[in-house]
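Novice: Starting off with a structure, shown below.
The values are calculated or read from the model by the stated rules, or taken from the named source; none is laboratory data. For clarity, every value in this text was computed on a predicted model and none was experimentally measured. Here the Cβ positions follow ideal geometry from the backbone for every residue, glycine too, while neighbour counts run over all protein chains shown.
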Amino acid sequence: MKSFHIITFGCQMNEHDSERMTGILEARGYSSASRAGDADMVILNTCSIREKAEQKFFSELGRLKELKTARPDIKIAVAGCIAQQEGANILSRAPYVDMVFGPSDIARLSDMIDIRLSQSLPLIDTAGDPQYHLKRLPTSRTDRIKAWVSIMYGCDNFCSYCVVPYLRGRERSRLPKDIVNEVRELAQKGYKEVTLLGQNVNSYGKGLEEGSDFPMLLRLINDIPDIERIRFVTSHPRDLSHELIAAIRDLPKVCEALHLPVQSGSDKILNAMNRQYTREEYLNKVTELRRAVPEIALTTDIIVGFPGEMEQDFEMTMKLLEEVRYDNIFAFKYSKRPGTAALKLSGHVQDQVKEKRLTQVLALQKTITGENNKKYAGTIMEVLIDGYSKKGGKLAGRTRGNKVVNVDAPDTLIGSLVHVNITAAGVNSLSGMICE
Ligand code: 5AD
Ligand code: SF4
């Protein structure tokens, strides 16, 4: 029996794509090997969102050269976003690669392997499959309690820093009935939580029949018995509608947690980023959201050092963080990406300045998160226990607001919803005791 090993870089879409590749390979009779050195086939599922992600992949690929030299029969495949971006260029850097294919080519993985095994030349296929979003692929999930469900692929937004629309193509939504069937099957298998995935879930339904929009999809999934929690990523602030806010408020299974990437607090920068909202419009949406769902946990993405970002623009971002008081943020230094509009902008910021600004936003947010978390001490929170704590010795789970909670409890509670009396609240996690 042949074996495979997948190394995944990047976002949840990539993690989920790896689950699908695993499903296809297992259906083909391959078994999963825990180390690249033990496998007959190694797949690198790559990310190209920032230069750093790309560098990480190329150094991993460099390490695999030794393996290929020692065992020339091993097959090395490059999948995902860098594969889509670089295509045949990967072979000029690493001629020992056997296969290169993009994110929308995964459905043909088994056929591609057959072709590669029947010829001596490497196989490059990044053509994509226009019907990909209509296909149901075997999926071998890594978790037994929480599942990712793709609801759409691609992105139409063209934020000026972002490479994704060039790599994952235009927006294509899966059919509501296919999504509902998948979630029903997950519920039957005992899954308790689903996270709906898409680059911009708020615009779900473009190109589908009238009335197929994201709030409608949430209502359909909310009606599926035994699913306890529904989450979704990612939302574009421009498309956060009154209807979606009402759906978060009214649908009991939709968790009170929203990732709403703002990127910058300066209108000048938001405009240069082609984000299509102003600081004020964003803040108005946050106000409306909090009025409707007071306990909502808000998280965001920030880019520091975008071309043209002056000290006063950066200050606007810092002020925005103080005003919104997010539960958490993900912050990144602007990174030049091939083919994107921002490359051509003037005023590129020195790395030293980016680094300083990154340290500043992270420090500010750490204080805010610590202060925010304190308010949970002494309260009782609903927690879905999903495994063991990072430090060991305890179980861990998440609140509806997606905060990590560590508890002393027996293993039999993994997969259960429990109520926890929160006794301590740190920056990274809460801890407490299960209520009798
Ligand atoms: N440089 C830095 N950060 C980026 N992101 C996307 N593209 C870039 C880039 N070129 C960040 C954005 C996005 C998150 C997924 O990654 O903040 O929301
Ligand atoms: Fe995910 Fe974007 Fe990275 Fe591709 S480039 S793996 S879509 S984060």
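Novice: Where in segment 62-122 are there helices (runs of 4 or more DSSP H), lying wholly inside it, with at least 3 residues that are within 27 Å of the chain's Cα centre (by Cα) and of a type in the set (A, V, I, L, M, F, W, C)?
Specialist: Output list reads 80-86.
Novice: Okay, moving on. Filter segment 49-79 down to residues that are of a type in the set (Gly, Ala, Ser) and under 30 Å from residue 303 (Cα atoms) and give me whichever is farthest from ligand 2 (Cβ to nearest atom).
Specialist: Among those that are of a type in the set (Gly, Ala, Ser) and under 30 Å from residue 303 (Cα atoms), it is 62.
Novice: Could you list, in sequence order, all residues of segment 1-42 that are within 24 Å of residue 197 (Cβ to Cβ), hydrophobic (A, V, I, L, M, F, W, C), more than 16 Å from ligand 1 (Cβ to nearest atom) and part of a helix (DSSP H, G or I)?
Specialist: 21, 24, 25, 27
Novice: Something else: Would you mind finding the one in 12, 84 that is within 29 Å of residue 155 (Cβ to Cβ), within 15 Å of ligand 2 (Cβ to nearest atom) and surrounded by fewer than 18 Cβ atoms within 10 Å (Cβ to Cβ)?
Specialist: Going through 12, 84 in turn, just one is within 29 Å of residue 155 (Cβ to Cβ), within 15 Å of ligand 2 (Cβ to nearest atom) and surrounded by fewer than 18 Cβ atoms within 10 Å (Cβ to Cβ): 12.
Novice: Say whether the condition of being within 16 Å of ligand 2 (Cβ to nearest atom), under 22 Å from residue 49 (Cβ atoms) and in contact with a strand residue (DSSP E or B) (Cβ under 6 Å, 6 or more places away or on another chain) is met by at least one residue in segment 355-364.
Specialist: no
Novice: Considering (1) assigned to a helix (DSSP H, G or I); (2) over 30 Å from residue 87 (Cβ atoms), say which one residue 147 fails and leave the rest.
Specialist: (1)
Novice: Is it the case that residue 287 is more than 15 Å from ligand 1 (Cβ to nearest atom), among the β-branched types (Val, Ile, Thr) and under 29 Å from residue 399 (Cβ atoms)?
Specialist: So residue 287 fits the description; yes.
Novice: Of all residues in segment 216-274, count the ones that are in a loop (DSSP other than H, G, I, E, B) and either hydroxyl-bearing (Ser, Thr, Tyr) or under 23 Å from residue 327 (Cα atoms) (or both).
Specialist: The number of residues fulfilling the criteria is 17.
Novice: Let me ask you something else. If a residue must be farther than 17 Å from residue 174 by Cα and not polar (S, T, N, Q), how many such residues does segment 212-230 contain?
Specialist: Residues that pass the stated criteria total 8.
Novice: In segment 293-334, which residue that is under 16 Å from residue 364 (Cα atoms), part of a loop (DSSP other than H, G, I, E, B) and not aromatic (Phe, Trp, Tyr) is farthest from ligand 2 (Cβ to nearest atom)?
Specialist: 325
Novice: Can you confirm whether segment 157-164 contains a residue that is within 30 Å of residue 386 (Cα to Cα) and within 16 Å of ligand 2 (Cβ to nearest atom)?
Specialist: Checked against the condition, which is being within 30 Å of residue 386 (Cα to Cα) and within 16 Å of ligand 2 (Cβ to nearest atom), segment 157-164 yields no hits at all.
Novice: Would you pick out the residues in segment 344-355 that are surrounded by fewer than 15 Cβ atoms within 10 Å (Cβ to Cβ) and not in a loop (DSSP other than H, G, I, E, B)?
Specialist: Selection gives 344, 351, 352, 355.
Novice: Would you be able to say whether some residue in segment 308-324 is under 22 Å from the mean Cα position of the chain (by Cα) and either at pLDDT below 95 or within 13 Å of residue 161 (Cα to Cα) (or both)?
Specialist: There is no residue in segment 308-324 that is under 22 Å from the mean Cα position of the chain (by Cα) and either at pLDDT below 95 or within 13 Å of residue 161 (Cα to Cα) (or both).
Novice: Same structure, new question: With the condition being surrounded by fewer than 17 Cβ atoms within 10 Å (Cβ to Cβ) and modelled with pLDDT of 95 or more, I'd like the strands (runs of 3 or more DSSP E) fully within segment 356-413 carrying at least 1 qualifying residues.
Specialist: Correct list: 380-388.
Novice: Now for a different question. If I ask for residues that are in contact (Cβ under 8 Å) with a residue 40 or more places away in the chain, within 16 Å of ligand 1 (Cβ to nearest atom) and either under 25 Å from residue 114 (Cβ atoms) or among the aromatic types (Phe, Trp, Tyr) (or both), which ones from segment 58-90 would you list?
Specialist: Hits for segment 58-90 are 80, 81, 84.
Novice: Let me ask something else about it. Provide a single number: the residues in segment 153-179 that are over 22 Å from residue 82 (Cβ atoms) and either free of Cβ contacts under 8 Å to residues at least 40 places away in the same chain or not acidic (Asp, Glu) (or both).
Specialist: Count: 6.
Novice: Filter segment 204-233 for residues that are closer than 20 Å to residue 261 by Cβ and either out of contact with any Ser or Thr (no Cβ under 9 Å at 6 or more places or on another chain) or modelled with pLDDT under 95 (or both) and give the result.
Specialist: 206, 218
Novice: Do any residues in segment 91-119 that are farther than 12 Å from residue 78 by Cβ have Cβ atoms under 9 Å from those of residues that are of a type in the set (Val, Ile, Thr) and surrounded by fewer than 17 Cβ atoms within 10 Å (Cβ to Cβ), where the two are at least six apart or on different chains, and which pairs are they?
Specialist: Between residues of segment 91-119 that are farther than 12 Å from residue 78 by Cβ and residues that are of a type in the set (Val, Ile, Thr) and surrounded by fewer than 17 Cβ atoms within 10 Å (Cβ to Cβ), there is no close pair.
Novice: Look through segment 15-53, keep the residues that are of a type in the set (Asp, Glu) and touching a Lys or Arg at 6+ places or on another chain (Cβ under 9 Å), and return whichever of them is surrounded by the most Cβ atoms within 10 Å (Cβ to Cβ).
Specialist: Going through the qualifying residues, I end up with 19.
Novice: Considering 215, 165, which residue is farther than 22 Å from residue 244 by Cα and surrounded by 15 or more Cβ atoms within 10 Å (Cβ to Cβ)?
Specialist: Being farther than 22 Å from residue 244 by Cα and surrounded by 15 or more Cβ atoms within 10 Å (Cβ to Cβ) holds for just one of 215, 165, which is 165.
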